[in-house]
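Undergrad: Structure in structure tokens, see below.
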Amino acid sequence: MANAFLTCCQLTFRRGVAAPVLDHIAAVFESAQPTLVCGDTGAGKSTLLHVLGGVLQPTAGEVHADGRPVSRWSVPHRDEWRREVGIVFQHLHLMPDLTVLENVLLPCVPRVSAWDGPARQAQALLERFGLPGSGHLSPHALSGGQRQRVAWARALIAQPRFLLLDEPTSFQDDAHTRDLLDLLAETAAGGTCIVACSHDVRLRAANMLFPRICHLAKGRLEGAR
Amino acid sequence: MSWHPLVLAIRLLDLIAWAIYAAAAWRLLSVLPHWQPQAAGDRQLRRERSLELVSYQAGWVAVMQAIGFVLLLVGVSNLWPSYVPGAMCGTGVLQAMGPAGEQTLIFKGVLLLLLYCRHTAERLDRTHPNILLAPLNGRLLLLAAPLMALGTWRFAVAVAGVDRHEPVNCCAVLYERIDTGDGWLPLAGSSTMPDGIWALACFGGALLVAGWGWHHYRRPGIVGNTASWLAAGLLAVWGVSVVMALKTVVAPYVYQVLYHPCPWCFFLVAHGAVGFVLFGVPAGVIAEGAAVLTARSVGFHRPALEEAARRRMAGAGLRIWLGALLFAFAAAAPMLWWRLRFGAWMQ
């Protein structure tokens, strides 16, 4: 897989007439350099991820994926591009009426016609995340940490080129956080562009995985090192 | 007749279409003069989002107008004749409505054709990630305004013109005679062409159009302007010959009377409402022909959309081929059946 990269060109996002949540952000996120975005609560970290992933449209500026101005594409093309993106949402957004396995398989719905292969892959991912035999359960039957790992499995099942993580370890204990970071390192080595937003000091401490840490404040992305 | 449920339904559809159209046109008028595809500022992005909304609105306007047109055909052909003394089919209703009745049909028909061309251009545009045809699609939608206005106005005049106490003589119109007060005189502009010419033009034209469609299906190409104008001319001439041939050549076999050149009796339930097929299929073929010409024009002027235009032309070509053959079969079937049963043609 060729190395993926996301570019923000004067990216601005504003809700109504309030001050912009994101204000003319110019940044490049490359697969070779997974990025951790830090910032206070309400600084706009989740908004940034949602705009990068095509869930929200910027009010000004552009997001380029591999050089393509995807944020300005018409809806069908943007939807198709979003299949290249895996997102772990802060609030997980698992479907309560589906089983754990069905939740993990959701990103495969527009891609596959035969389910045997993806189902096996999903089971393998669940085992990798320490959830063997939980495929038939409802997400409600799991703990918060387990549900978050299901969200990870859902984000990774389609082998995304762009992986966006919003507070991805907030419900995890130290051991599981280490496992997730190992997995993240493997994913980054495969050429996936990773952007994570988190308060978690354990992620900030993972210098090897996140060589670049940015700080989002007052709509500006600063302090990259 | 102003309070007939179908008239109210058509007016309601028109009203909804106008409300949606007005909102779309207002947006277009504020977007098009400032359209800057190279800019990525907040105003341009707002304009792009506005255009997304306009495209949905245009789709709903087309749907409302199409439903209204079908209801109008059903009303004229099958429901309103009972309200007009002396009317036995749509011919009598249109006679009662005066020129405004036919004008309504023409304006609404042309409007639908225009909206279909716009829809074709927009679908082609959507095959490309960037919005390339926004100004063209916007102008085409704005061009619909006069046709919509004329359609609405002439329909109001037509309905108001129906006098339920004034009988009409629809057969006099049919037989191309008009009562001048001093006797029945031939209607000006009556066809003097022999029926055989119309039959040849209709069925020969159907084969030509089918061949043209097959050619586009097999080898869709961005041809020059001359070929496009020739194709448009062929479709127009064929459309006229279809109406004339149905009236003068096919009608006797469907109605089973020697001479009754009425286009509207085809739509009567008593005749199986075959008019919806016999007139609807050629109308569909002509619409697809217009789609071919639109796709050709788009592909010619926008190289980025050429491949999509070729695919659209191939799809339209297949539908034209099928439609022209289906029409030829459907129109010839009653004639052939008669010939097989009785061993002679109706003269």
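The values are calculated or read from the model by the stated rules, or taken from the named source; none is laboratory data. As the structure is a computational prediction, the values presented were derived from the model and not from experiment. Heads up, the Cβs are rebuilt from the backbone with ideal geometry, glycines too, and the neighbour counts pull from every protein chain shown. Note: accessible area is taken over every heavy atom of the protein model, side chains too, but ligands, DNA and RNA are not part of it. Shrake-Rupley method; radii C 1.70, N 1.55, O 1.52, S 1.80 Å.
Undergrad: How many Cβ atoms of partner chains, on average, are near each residue of A:10-21 if near means within 10 Å of its Cβ? Before the final figure, lay out each step's value.
TA: Working: counts 2, 1, 4, 1, 1, 0, 0, 0, 0, 0, 1, 0.
Other-chain Cβ atoms within 10 Å of each residue's Cβ, averaged: 1.
Undergrad: So how strong a dipole does chain B carry about its Cα centre when Lys and Arg Cβ are +1 and Asp and Glu Cβ are -1, to the nearest 20 debye?
TA: Computed charge dipole of chain B: roughly 1080 debye.
Undergrad: Could you go through the stretch B:245-261 in sequence order and give the Karplus-derived ³J(HN,Hα) for each residue, using 6.51 cos²θ - 1.76 cosθ + 1.60 with θ = phi - 60°, rounded to whole Hz, and x for Gly and Pro?
TA: 5, 4, 5, 9, 9, 7, 3, x, 6, 7, 7, 6, 10, 5, 8, 8, x
Undergrad: I would also like to ask the following. Taking amide H positions as placed in the peptide plane 1.01 Å from N, state which residues far from A:Asp23 in sequence (5 or more) or on other chains have amide H under 5 Å from it.
TA: The list, which skips near neighbours in sequence, is A:Phe13, A:Arg220.
Undergrad: Taking chain B as the reference, fit the longest principal axis to its C-alpha atoms, fit the long axis of helix B:99-125 to the helix C-alpha atoms, and give the angle between the two in degrees, 0 to 90, nearest 10.
TA: It works out to around 30 degrees.
Undergrad: How many Å² of accessible surface get buried when B and A come together, counting both sides, probe radius 1.4 Å, rounded to the nearest 100? If you can, show how the numbers build up before the last one.
TA: On the way: alone 17540 and 10540 Å², together 26950 Å².
When B and A are taken together, about 1100 Å² of accessible area is lost.
Undergrad: Take the Cα pairs of chain B, get the Kirkwood Rh, then feed it into Stokes-Einstein at 37 °C and 0.692 mPa s and tell me D in µm²/s. Can you show the working numbers first?
TA: On the way: Rh = 22.1 Å.
The Stokes-Einstein estimate is 149 µm²/s.
Undergrad: Projected onto the charge dipole of the protein assembly as shown (+1 at Lys/Arg Cβ, -1 at Asp/Glu Cβ, origin at the Cα centre), which of B:Ala158, B:Thr104, A:Leu209 gives the Cα projection farthest towards the positive end?
TA: Comparing the listed Cα positions along the dipole, A:Leu209 ranks first.
Undergrad: Right, next: Can you pull the percent of Cα pairs in the stretch B:195-342 with separation above 26 Å?
TA: Details: 3291 of 10878 pairs.
Looking at the stretch B:195-342, the distances longer than 26 Å represent 30 percent of pairs.
Undergrad: Would you calculate the separation in nanometres between label points at B:Arg139 and B:Ala227, each defined as 7 Å from the Cα along the Cα-to-beta-carbon direction?
TA: Output for this residue pair reads 2.5 nm.
Undergrad: Charges only on Cβ, +1 for Lys and Arg, -1 for Asp and Glu: so what's the dipole of the stretch B:195-342 about the Cα centre, in debye to the nearest 20? Write down the numbers at each step before the final one.
TA: Working: 11 positive and 4 negative charges, 59 e Å.
That gives the stretch B:195-342 a dipole magnitude of about 280 debye.
Undergrad: Using a Förster distance of 56 Å, how high is the FRET efficiency between B:Ala333 and A:Arg15, based on the Cβ-Cβ distance and rounded to 0.05? Intermediate results must be reported in sequence, preceding the final value.
TA: On the way: r = 64 Å, r/R0 = 1.14.
It comes out at approximately 0.30.
Undergrad: Using +1 at the Cβ of each Lys and Arg and -1 at the Cβ of each Asp and Glu in the protein assembly as shown, identify which of B:Thr248, A:Val37, A:Ile87 lies farthest towards the dipole's positive end.
TA: A:Val37
Undergrad: Check A:Gln90: other-chain or 5+ apart residues with amide H under 5 Å from its amide H, H built from backbone geometry?
TA: HN-HN under 5 Å from A:Gln90: A:Asp166.
Undergrad: Measure nothing but the geometry: give the 0 to 90° angle between the long axis through the Cα atoms of B:5-31 and the longest principal axis through the Cα atoms of chain B, rounded to 10°.
TA: On a 0 to 90 degree scale, this one is about 30.
Undergrad: Multiply the residue separation of B:His4 and B:Glu307 by 0.36 nm, subtract the distance between their alpha-carbon atoms, and state the gained length in nm to one decimal. Kindly include the intermediate steps, with their values, before the conclusion.
TA: Working: separation 303, 0.36 × 303 = 109.08 nm, distance 4.90 nm.
Here the answer is 104.2 nm.
Undergrad: Whole-Hz Karplus ³J(HN,Hα) for the stretch B:287-297, in order, using 6.51 cos²θ - 1.76 cosθ + 1.60 and θ = phi - 60°, x for Gly and Pro?
TA: Values per residue, Gly and Pro as x: 4, 5, x, 5, 5, 4, 5, 5, 4, 4, 5 Hz.
Undergrad: Still on this model: Shielding of B:38-47 by partners, i.e. mean partner chain Cβ atoms within 10 Å per residue?
TA: 4
Undergrad: Then there is this: With every protein chain left in place, what is the accessible area per residue of chain B in square angstrom, probe 1.4 Å? The partial results should precede the final answer.
TA: Details: 16990 Å² over 347 residues.
Here the residues of chain B average 49 Å² of exposed surface.
Undergrad: Please report the antiparallel percentage of DSSP beta bridges with both residues in the protein assembly as shown, rounded to the nearest 5.
TA: Values: 18 of 34 bridges.
Antiparallel bridges: around 55 percent, rounded to the nearest 5.
Undergrad: Beta carbons within 10 angstrom, averaged per residue: use that to sort the peptides B:1-12, B:135-146, B:236-247, highest first.
TA: Output ranking for B:1-12, B:135-146, B:236-247: B:236-247, B:135-146, B:1-12.
Undergrad: Consider a paramagnetic label point 7 Å from the Cα of A:Thr99 along Cα→Cβ; state which residues of the stretch A:122-148 have an amide N under 16 Å from it.
TA: Taking a point 7 Å out along Cα→Cβ of A:Thr99, the residues of the stretch A:122-148 whose backbone N falls under 16 Å are A:122-127, A:131-142.
Undergrad: Taking amide H atoms as placed 1.01 Å from N in the peptide plane, list the residues 5 or more away in sequence, or in a different chain, whose amide H sits under 5 Å from that of A:Arg212.
TA: Under 5 Å from the amide H of A:Arg212 lie the amide H atoms of A:Leu36, each far enough along the sequence or on another chain.
Undergrad: Given a Förster radius of 56 Å and the C-beta distance between B:Arg164 and B:Arg218 as r, what FRET efficiency does 1/(1 + (r/R0)^6) yield to the nearest 0.05? Please list the in-between numbers first.
TA: On the way: r = 55 Å, r/R0 = 0.98.
Efficiency, rounded to the nearest 0.05: 0.50.
Undergrad: Let me ask something else about it. Between A:Arg154, A:Arg78, A:Arg111, which gets the highest mean-square fluctuation from a Gaussian network model of chain A, Cα cutoff 10 Å?
TA: Sorting by GNM fluctuation, first place goes to A:Arg111.
Undergrad: With θ taken as phi - 60° and the coefficients 6.51, -1.76 and 1.60, list the Karplus ³J(HN,Hα) couplings across the stretch B:127-142 in order, rounded to whole Hz; mark glycine and proline as x.
TA: Residue by residue, the stretch B:127-142 yields 6, 10, x, 8, 8, 9, 10, 4, x, 4, 4, x, 5, 4, 5, 5 Hz.
Undergrad: Work out the mean other chain Cβ neighbour count within 10 Å for the residues of A:66-72 and drop it here as an integer. Please list the in-between numbers first.
TA: Values: counts 0, 0, 2, 3, 1, 2, 8.
For peptide A:66-72, the averaged partner shielding equals 2.
Undergrad: So if we plug the beta-carbon distance of B:Met346 and B:Ala22 into 1/(1 + (r/R0)^6) with R0 = 56 Å, what FRET efficiency do we get, rounded to 0.05? Mind dumping the intermediate values first?
TA: Details: r = 52 Å, r/R0 = 0.93.
That pair, B:Met346 with B:Ala22, gives E of 0.60.
Undergrad: Could you size up the charge dipole of the protein assembly as shown around its Cα centre, putting +1 on the beta carbon of Lys and Arg and -1 on that of Asp and Glu, and report it in debye to the nearest 20? Before the final figure, lay out each step's value.
TA: Values: 47 positive and 37 negative charges, 126 e Å.
Once rounded to the nearest 20, the dipole reads 600 debye.
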